[in-house]
Amino acid sequence: MRALMFKQAKWAGLCALIVSGGASANPQPSPMPDTHLAGSENAGDGTDAGSGFENLDVMDASLNGKMAILRVGSEPSANNLLSVFAGLKNKTTHRLALEVETIYKDKAGNALNAGSWIAMTLKPHEEKEYRSASISEQAVDFLIRVRRAPIASASTHG
């Protein structure tokens, strides 16, 4: 009986992944199944744009266990600029005041911008998508950095 319930739960989970767009017709094994590897067309030209979770750096250890990274990826936009995204989830019952920035890199790995911190607040248990686009066609790789907002600009818990 337990085996039957486990199989039903497994199929329900797979159906939920397919409906949410998190699974493909040809799934590939991955240690992090929620990774969205967009921009894989760059894989042959020495770039790292579609590499996934290693393109996101959580800079504040106090966020461990409080925030989940659901997906990270990139894709070229219609105007040939690199568009990047990250799905973040608040795992707590309190608001999380965050700051997020993106550093774009060229083929040699050199930073193309200094980055600027963008405020982002996640409500309790909320999932939110962060998106950014480069301003240079030279951008082929990126690093998204996340940190807790400074106390002075953080909203109150509620």
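A short reminder: the numbers here are calculations on the coordinates, not readings from a lab. This structure is a prediction, so every number in the text was calculated from the model and none was measured. Counting neighbours? That spans all protein chains shown, and the Cβs are built from the backbone with ideal geometry, glycine included.
Relative protection proxy for 88-100, 54-66, 128-140, from highest mean packing down: 88-100, 128-140, 54-66 (other beta-carbon atoms within 10 angstrom).
Enumerate the residues in the range 102-124 having an amide nitrogen under 13 Å from the point lying 7 Å beyond the Cα of L81 toward its Cβ. Residues 104 qualify, since their backbone N sits under 13 Å from the label point.
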